[in-house]
Amino acid sequence: MNLTDRIAVVTGGAGGIGAALSRRFAAEGAAAVVVADLDAEAAHAVAEGIGPVAHAAALDVTDEAQVRALVDDTERRFGRIDLFCANAGVTTGGGVEVDDAAWDRAWRVNVLAHVYSARAVLPGMLARGGGHLLHTCSAAGVLTAVGDAAYTATKHASVGFAEWLAITYRDRGIRVSALCPQGVDTPMLADGIAEGHLGARVIAASGAVLTPDQVAEATIAGLAEERFLILPHPEVADYARRRAEDPDGWQAGLRKLVRRLTA
Ligand SMILES: NC(=O)c1ccc[n+]([C@@H]2O[C@H](COP(=O)([O-])OP(=O)(O)OC[C@H]3O[C@@H](n4cnc5c(N)ncnc54)[C@H](O)[C@@H]3O)[C@@H](O)[C@H]2O)c1
């Protein structure tokens, strides 16, 4: 997919990666970019910064009726949605001790919201014979987010769901991409680094921390090539290969890194 004259929706569009995607889509010539976020004020600020092509929307991705209303409204206003980016995501910052409410929130934002948006946009895309779903998952969805059990489990689920969609709908004109960055300099990671969280330190020790604009750059390339797995950190492919070939050896390596960082 090339963004010229496209209609795109970005959830979590007020945050680091979502805002960078929104800005980049507009710069690539999109006809409209809907910047949707729980934080309506921040979404307005991002849209205003982009200019008239951008439209802010208040959206809680965990509320299916709101997702459906946003899709209906966008299709009514602009005639179609070419690219839907399910990008909003949350961490919990803990392990098995994290309470059920936080597990539930991670499940709803990181997984169920992707189901809601696919349910809402697929009928129109299938009727028009095409469309692209971009799901922001994470390297945690193909590896592990040390220090965050619910993030790891839900991001694995999000990659699994995206793969299911890709296999099920590709021959009917639908393209699906799973964006799986490792460390990106957004409030989500920066807060963890500032507070010295183990997970954030493991990410920082595992590869470069990219800017959101670098992730947007890699996304544009991945969308152009209609790639399923978009890996802004190419080393993640290597880690995933090692993990698949030798799960015990890969876990031992990760445990060694954790021991080194906590010594
Ligand atoms: N920052 C990283 O290192 C990193 C790495 C890999 C993947 N990711 C993923 O990238 C995506 C974007 O994260 P980010 O780093 O830009 O984080 P961020 O916290 O800067 O932005 C996330 C945005 O999602 C919004 N949001 C949260 N819950 C929502 C809801 N229920 N409805 C609508 N919007 C909601 C927030 O308001 C925020 O604007 C997430 O899915 C995250 O898991 C981030």
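The values are calculated or read from the model by the stated rules, or taken from the named source; none is laboratory data. Note that the coordinates shown come from a computational prediction; the quantities given were computed from them, not determined experimentally. Positions of Cβ are generated from backbone atoms using ideal geometry, with glycine treated the same way; all protein chains shown enter the neighbour counts. Heads up: the accessible areas ignore ligands, DNA and RNA and are worked out on the full protein's heavy atoms, side chains in. Shrake-Rupley method; radii C 1.70, N 1.55, O 1.52, S 1.80 Å.
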For this session: State the number of residues belonging to region 184-203 that are more than 9 Å from the ligand (Cβ to nearest atom) and open to solvent by less than 30 Å² (accessible area, probe 1.4 Å).
Result: 2
Problem set entry | The one condition in (1) out of contact with any Pro (no Cβ under 6 Å at 6 or more places or on another chain); (2) within 17 Å of N87 (Cα to Cα); (3) open to solvent by 20 Å² or more (accessible area, probe 1.4 Å) that A218 fails to fulfil | (1)
Exercise. Is it the case that L133 is away from the ligand (no atom under 11 Å from the Cβ), in a strand (DSSP E or B) and either surrounded by fewer than 22 Cβ atoms within 10 Å (Cβ to Cβ) or free of Cβ contacts under 8 Å to residues at least 60 places away in the same chain (or both)?
Worked result: yes
Exercise. L261 fails exactly one of the following numbered conditions: (1) open to solvent by 80 Å² or more (accessible area, probe 1.4 Å); (2) away from the ligand (no atom under 14 Å from the Cβ); (3) part of a helix (DSSP H, G or I). What is the number of that condition?
Worked result: (1)
Problem set entry | Residue that is nearest to the ligand (Cβ to nearest atom) [pool: residues in region 11-40 that are among the charged types (D, E, K, R) and either open to solvent by less than 50 Å² (accessible area, probe 1.4 Å) or part of a helix (DSSP H, G or I) (or both)] | D37
Exercise. If we scan region 41-50, do we find a residue that is open to solvent by less than 10 Å² (accessible area, probe 1.4 Å), within 16 Å of the ligand (Cβ to nearest atom), more than 28 Å from A240 (Cβ to Cβ) and among the small types (G, A, S)?
Worked result: yes
Exercise. Do we find that A150 is open to solvent by less than 10 Å² (accessible area, probe 1.4 Å), within 14 Å of the ligand (Cβ to nearest atom) and farther than 24 Å from Q214 by Cα in this structure?
Worked result: yes
